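The values are calculated or read from the model by the stated rules, or taken from the named source; none is laboratory data. Computed from a prediction, not measured in an experiment: that's the story for all the values here. Every residue, glycine as well, gets a Cβ built from its backbone with ideal geometry; the counts of neighbours run over all protein chains shown.
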């Protein structure tokens, strides 16, 4: 028994150091994830459309609403150079956006109500060609159709990634440049490089903590 006590007292400083080091590493990881996630989220403005239901008709209607809204917003914001400018335009023209969506719905034989909101929304990890945005909370234009109980459709309005050909895996250089201007080199690497083991690990770390955080809401 005396031998075990001696071993414990000898090991105690090591255990304390290990615990303190673990706490320090955890705090550093949280700080890194929070800073990187906030910077990435602050660089984009997203579009979130929710269909009335998962029926084929409602899902097709959702896509038609999407197309008309994107045509309008892309023309409206073609000279914008920042996320804040696009958000301001969306806020100023929210009634127009609602009217456009309502017209598409009516023209297709439905009478669903439409809600247009601009604010914070939670998003899962999404792939846009060779750009990957981690899950998290982003500023977004949210369009709710009818009961809004159907599948979601997401894209990025600024920088413009909504019309990216995902099958080609290529994002226009102009969109990448917009992101580079708002992110530091490492943060940009996080969303654009999947063949680097260190970058991939950090991205997974962000996903892990963000999924945990969003799960607490």
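The table below gives the values:
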| item | result |
| --- | --- |
| Residue 107 being surrounded by fewer than 16 Cβ atoms within 10 Å (Cβ to Cβ) and in contact with a helix residue (DSSP H, G or I) (Cβ under 8 Å, 6 or more places away or on another chain) | no |
| Qualifying positions in region 116-143 - surrounded by fewer than 20 Cβ atoms within 10 Å (Cβ to Cβ), within 20 Å of residue 74 (Cα to Cα) and at pLDDT 85 or above | 117, 118, 119, 142 |
| Candidates 42, 38, filtered to the one that is under 22 Å from residue 185 (Cβ atoms), without any contact (Cβ under 8 Å) to a residue 24 or more places away in the chain and under 19 Å from the mean Cα position of the chain (by Cα) | 38 |
| Test: residue 97 is at pLDDT 85 or above, crowded, with 18+ Cβ neighbours inside 10 Å and closer than 19 Å to residue 85 by Cβ | yes |
| Any chance residue 83 is surrounded by fewer than 11 Cβ atoms within 10 Å (Cβ to Cβ), under 24 Å from the mean Cα position of the chain (by Cα), at pLDDT 75 or above and under 30 Å from residue 188 (Cβ atoms) | no |
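Matching residues to (1) at pLDDT 70 or above; (2) surrounded by 19 or more Cβ atoms within 10 Å (Cβ to Cβ); (3) assigned to a helix (DSSP H, G or I):
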site: 161; (1), (2), (3): yes, yes, no
site: 164; (1), (2), (3): no, yes, no
site: 186; (1), (2), (3): yes, no, yes
site: 190; (1), (2), (3): yes, yes, yes
site: 194; (1), (2), (3): no, no, no
site: 198; (1), (2), (3): no, no, yes
site: 201; (1), (2), (3): no, no, yes
site: 211; (1), (2), (3): no, no, yes
site: 217; (1), (2), (3): no, no, no
